[in-house]
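> So that we are looking at the same thing, I have put the structure below in structure tokens.
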Amino acid sequence: MQEEQLEKMRLKAKNLEKVVVVLSVVMLLVYIAIGYLLATQENGIGTLSGMKAVIFIAEIIFVVAVVAVGTGLLLWLIIVKHAYDKFNLSFKSKYVQQVISSIEGFEKLQYVPKGGFTWDDVRNAAAVNSGDKRYYDSEDLLMGEYENIRFQISDVCTRKMVRMSKKNRVEEIFSGQMICLDQFDDTKRSNGHIQIFEKKFMSNMVGWKAENEIHTENEIFNSRFSVFAYDEHNAYYILTPQRIEKIMHFADVMNGQVSFVFRDEKLFVAVRRDSMFDASMDEPVSKQTKNIIEDAEFIQMAKEILIAS
């Protein structure tokens, strides 16, 4: 799909949104006029006095407001959402994959809109707190290879039930993207989990942790990250000075909640960030194309961590 085609679809959805706003304002004025006529009719407000008149006016205003908002939402769902969904589907299922495929090194890409990491995948990776299984969600799965390294990246949202003021409510733990890169260096296979969390975000996103907390020779890294490992000796072997520098650079670029887990021949990286797949009606497609290319750097930088010597 060409960028120009997608831009036409975006503009159509955006223009329809403007039409719905105008229609909603017109309908609001109509409802106000109807409300006024009802209030001033023979059996209306003229027959009331005091608090009864105030209550009657309040009821009229409330009904007008509810009907106006309901009409606006209905028009948006019928007119705008249909156009946006069509634009968004083309963006997600065709354009994102097309743009990433054009970047050197990416190949064998496959996009699965309803696919994602399973709850067990996230729990076993231990990069974020997996929360309650019944409230877990993952979608927009992109699979492929980058410079012969297999990867999967997907949106992930974990939640849990909490009790506050004698009421239960579902609370979000983590919402962002998780990537899994496969084929670790055969000579540097991770024995069990090596988990790396930024200290300032630990309380928000950490689930279960490996039994041994370790410290590297890099004091700057130690002050910023907490590391937990099943096998301490193996962890020191995996966390080379070069890899530590790449991990810190990655966290600097992402500028948000990040975590890293080495397990067997895999690297898992979780980042709290917006989806790379959802299209925006408010930004030109050309700008969103640049965003996709920047998002692809997420995969590229994670791969550099994986292969660091």
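We did not get these values from a lab; they are worked out from the coordinates using the rules stated. The shown structure was predicted, so the numbers you read here are calculated from the model rather than taken from an experiment. Here Cβ is always computed from backbone atoms with ideal geometry, including for glycine, and neighbour counts include all displayed protein chains.
> So what J values fall out for region 263-277 if you push phi through Karplus, 6.51 cos²θ - 1.76 cosθ + 1.60 with θ = phi - 60°, rounded to Hz, Gly and Pro as x?
My calculation for region 263-277 gives 8, 6, 9, 10, 10, 10, 10, 10, 9, 7, 7, 5, 5, 7, 9 Hz in order.
> Can I ask one more? Which of the aspartates and glutamates could a cross-linker bridge to Lys209, judged by Cα under 15 Å and excluding same-chain residues fewer than eight apart?
Excluding near neighbours in sequence, the set is Glu198, Asp231, Glu232.
> Based on the mean of other beta carbon atoms within 10 Å per residue, what is the order of 171-180, 283-292, most packed first? Before the final figure, lay out each step's value.
On the way: 171-180: 19.5, 283-292: 15.9.
By packing density, highest mean first, the sequence is 171-180, 283-292.
> Hey, another quick one. Quick one: angle between helix 3-40 and the longest Cα principal axis of the chain, in degrees between 0 and 90, rounded to 10, please.
The helix 3-40 is inclined about 30 degrees to the chain.
> Taking Lys133 as the anchor, which aspartates and glutamates have their alpha carbon closer than 19 Å to its alpha carbon, excluding any fewer than eight residues away along the same chain?
Result set, ordered by chain and number: Asp120, Asp121, Asp155, Glu171, Glu172.
> Using the structure shown, list the pairs from Lys199/Lys266; Lys12/Lys114; Lys246/Lys290; Lys160/Lys246; Lys8/Lys160; Lys81/Lys166 with a Cα-Cα distance above 29 Å, or answer none.
Long pairs (Cα-Cα over 29 Å): Lys160/Lys246; Lys8/Lys160; Lys81/Lys166.
> Starting at the first residue of region 158-175, write each ³J(HN,Hα) from the Karplus equation 6.51 cos²θ - 1.76 cosθ + 1.60 with θ = phi - 60°, in whole Hz, x for Gly and Pro.
10, 9, 9, 8, 10, 10, 9, 6, 6, 10, 8, 8, 8, 10, 6, 9, 9, 9
> Between Glu294, Glu104, Glu147, where does the largest GNM mean-square fluctuation fall for the chain, given springs only between Cα atoms within less than 10 Å?
Checking each option, the largest mean-square fluctuation is seen for Glu104.
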